[in-house]
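What follows is a single structure, written as structure tokens, with notes after it.
The values are calculated or read from the model by the stated rules, or taken from the named source; none is laboratory data. Note that the structure is a prediction, hence the values are computed from the model and not measured. No Cβ is skipped: glycine too gets one built from the backbone with ideal geometry, and neighbour counts run over all protein chains shown. Ligands, DNA and RNA are excluded from the accessible area calculation, which covers all protein heavy atoms including side chains. Shrake-Rupley method; radii C 1.70, N 1.55, O 1.52, S 1.80 Å.
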Amino acid sequence: MKILETDTAYFISYLTNVLEPAEREFLSKVEENKVQLHHVFSFNAILAHAIDYMVFIANKEKKVFRSALVLDFDNKYYVEGSVHINNKFQLLDAVNNSFKHVELDQKRYKELIEIYGELSFHCLKEESGKVFFSMPNFRFDYCRVVLRPIAAIFTCGLEKHEDVIDFINGDICGALAYGDFDYEPHDAIDRMIDHCNPQCMDCGEYGDDCDCSEFVFGDVTGEFNPDRDPNFDFDDVMSQISSN
């Protein structure tokens, strides 16, 4: 079957009218630490449904299994930061199904269950305005480590049929804008401020607010992962500041 423009138009409409407004509202709650459990399961479902659209469109070209395609998404899409969770799409899919169903399909989610344990509705815990993925060997901010970077993938200005095809093939996608160090000499003060007060690439928070050192990823403990210019030279930047 051929992928029709009506198929991709539905997807674009879903992103524009549902996902993007929900993302803005959800991330504002994340930034203010005002997230409740129902906010997370709702936005998780909205992202999972966007994946359903992608699977539907991909199936028009050739028959594929949803689980294989979700695994392929994790391999195709570059998600900056959150380096300790490399199966974000699969985890989002499993959390969504653990909410919809009483019990996960043990065969379908065999590898994830081996990593994280018996996933269920109770794997997410609300604490003081944040929601944590909490299992015996894992504990991290699910909103910042999984939902935030996945949502960013979809914000890449899809406008036409060809855009959606490229997006599903992994040729274009949004990003969190980490690693953008294109400074001019007159930007020296901003460059110094950015260097001294970087965001964490794993959770998106700034130094004093970053909780990553308390996160557990199996046998690895999280840490503040600053988004800093690797070519930053203090003396050079100070000379530029002095000359401005």
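Okay, here's what the table says:
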{"quantity": "Filter result for the condition that a residue is hydrophobic (A, V, I, L, M, F, W, C) and modelled with pLDDT of 95 or more, over PHE99, PHE132", "calculated": "PHE132"}
{"quantity": "In the range 55-64, the residues that are part of a helix (DSSP H, G or I) and either open to solvent by 60 Å² or more (accessible area, probe 1.4 Å) or at pLDDT 90 or above (or both)", "calculated": "PHE56, GLU61"}
{"quantity": "Leading residue by the ranking (farthest from the chain's Cα centre (by Cα)) among those in the range 65-85 that are exposed (fewer than 13 other Cβ atoms within 10 Å of the Cβ) and farther than 15 Å from CYS173 by Cβ", "calculated": "PHE65"}
{"quantity": "All positions within the range 201-226 that are in contact with a Phe, Trp or Tyr (Cβ under 7 Å, 6 or more places away or on another chain) and not in a strand (DSSP E or B)", "calculated": "MET201, GLY207, CYS210, CYS212, SER213, PHE215, GLY218, GLY222"}
{"quantity": "Residue identified as free of Cβ contacts under 8 Å to residues at least 60 places away in the same chain, crowded, with 20+ Cβ neighbours inside 10 Å and outside any loop (DSSP other than H, G, I, E, B) among PHE132, PHE140", "calculated": "PHE132"}
